[in-house]
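> Got a structure here, written out as structure tokens. Questions coming.
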Amino acid sequence: MSRDMAEASKSPAIILIGMPGAGKSTIGAGLASARGLPLVDSDRLIEQNSGQTLQALLDNRGYIALRELEEQVLLAHNFAGQVVATGGSAVYSAVAMSHLKACGPCVFLDIPLAEIEARVQNFQDRGIAGPAGQSLAAVYAERLPLYQRYADIVVDGRDLNEVQLLAAVQASLS
């Protein structure tokens with residue numbers, strides 16, 4: 001292991017939580033680049049682990065199985081020294097969230113429902129772990145209290161573009 005990687009593994013992780021479309025992957029990439037840390041997208045870890053897309057997992061095994069797999073994948077990794085863009089449903093697992101919070105602060109990208117609805121045009125085939133037929137508004141209402149519960153830092157992303165949101169997240173971590 002290189003000295004830089006060894007140093008990074010000793011530093012805390014930065015865990016991004018929030019709704020699908022909140023910008024976790026995009027902001028995570030910018031944050032990782034700015035801080036010289038690797039980015040881990042937990043949705044990609046789930047897909048690598050299962051050999052299927054999130055939507056295929058939902059279609060073939062259902063949302064409960066997807067949430068269980070997500071929990072297993074999150075618990076199997078040490079995220080120290082990394083920026084982690086979590087799946088929007090990570091907050092359904094108290095044990096996974098406890099594990100993530102032990103790795104570093106959880107930053108909730110708080111984006112209003114209207115903005116999420118404008119960003120998420122492919123809701124029905126995006127691989128969002130919820131019961132069939134559940135609306136985006138219902139997912140938002142169900143998850144918002146969970147994001148608030150697990151957040152160490154809340155970044156209000158209302159009306160912010162990507163550059164502004166990244167700057168707000170970086171400022172919140174200073």
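The values are calculated or read from the model by the stated rules, or taken from the named source; none is laboratory data. Only a predicted model underlies this, so the values are computations on that prediction, with no experimental measurement involved. Neighbour counts are summed over all protein chains in view; Cβ atoms, including those assigned to glycine, are modelled from backbone coordinates with ideal geometry.
> Of the residues that sit in segment 67-94 and are in contact with a Ser or Thr (Cβ under 6 Å, 6 or more places away or on another chain) and assigned to a loop (DSSP other than H, G, I, E, B), which one is nearest to R143 (Cα to Cα)?
G87
> A follow-up question, please. Do we have R35 as among the charged types (D, E, K, R) and over 16 Å from the mean Cα position of the chain (by Cα) here?
Against the criterion (among the charged types (D, E, K, R) and over 16 Å from the mean Cα position of the chain (by Cα)), R35 qualifies.
> Looking at this structure, is Q72 free of Cβ contacts under 8 Å to residues at least 24 places away in the same chain and not β-branched (V, I, T)?
yes
> Let me ask something additional. Determine which single condition Y140 fails, assuming it passes every other condition in (1) of a type in the set (F, W, Y); (2) out of contact with any strand residue (DSSP E or B) (no Cβ under 9 Å at 6 or more places or on another chain); (3) assigned to a loop (DSSP other than H, G, I, E, B).
(3)
> Please find, within segment 135-173, the residue that is modelled with the lowest pLDDT out of those that are small (G, A, S) and within 16 Å of M19 (Cα to Cα).
Top of the filtered list is S135.
Residue-wise test of (1) of a type in the set (D, E, K, R); (2) crowded, with 19+ Cβ neighbours inside 10 Å; (3) farther than 20 Å from S135 by Cα.
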site	(1), (2), (3)
A13	no, yes, yes
N49	no, no, yes
L54	no, yes, no
A76	no, no, yes
G81	no, yes, yes
G88	no, yes, no
V107	no, yes, yes
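> Another one. Of everything in segment 38-62, what is among the acidic types (D, E) and within 18 Å of the chain's Cα centre (by Cα)? Give them in sequence order.
Selection gives D41, D43, E47.
> Take segment 159-174 and flag every residue that is in contact (Cβ under 8 Å) with a residue 40 or more places away in the chain and of a type in the set (S, T, Y).
Matches in segment 159-174: S172 only.
> For residues that are among the charged types (D, E, K, R) and modelled with pLDDT under 90, scanning just segment 1-29, find the one that is nearest to G81 (Cα to Cα).
K10
> Collect the residues in segment 30-47 that are in a helix (DSSP H, G or I) and surrounded by 14 or more Cβ atoms within 10 Å (Cβ to Cβ), keeping them in residue-number order.
Result: G30, L31, A32, R35, S42, D43, R44, L45, I46, E47.
> Give just the number: which of (1) among the charged types (D, E, K, R); (2) modelled with pLDDT of 95 or more; (3) closer than 25 Å to I46 by Cα; (4) out of contact with any Phe, Trp or Tyr (no Cβ under 9 Å at 6 or more places or on another chain) does R126 not satisfy?
Result: R126 fails condition (2) only.
> Separate question: Give A118, A32, A85, A132 a once-over and let me know the one that is modelled with pLDDT under 95 and within 22 Å of V154 (Cβ to Cβ).
Every option except A118 fails the conditions.
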